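Data first, discussion second: the structure below is written as structure tokens.
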């Protein structure tokens, strides 16, 4: 803001008032947009990592279930072979 100086020597004079407004560039908006984009990117990467972990967990669970089923089938085949061998 400009300083206002008043002087008087008794003679009537015109008073000039200077009012300056400060205009900001666009740097504030640019920084805000960059921060919002970084926040969105961070959230996206976090969710993708989370989905990947869930997919791995589901694959391990499915594999364990398949191994359990195969073990049951082998056990049944062994039981059938033992029953046939004793007959």
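At-a-glance table
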read-out: Whole-number Å³ per residue for the convex hull built on Cα positions in the stretch 13-87; value: 43
read-out: Segment residue 61-residue 37, length gained on full extension (0.36 nm per residue, minus Cα span); value: 5.0 nm
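Coordinate-derived values only; no laboratory data. Remember, predicted model here, so these are calculated numbers, not experimental data.
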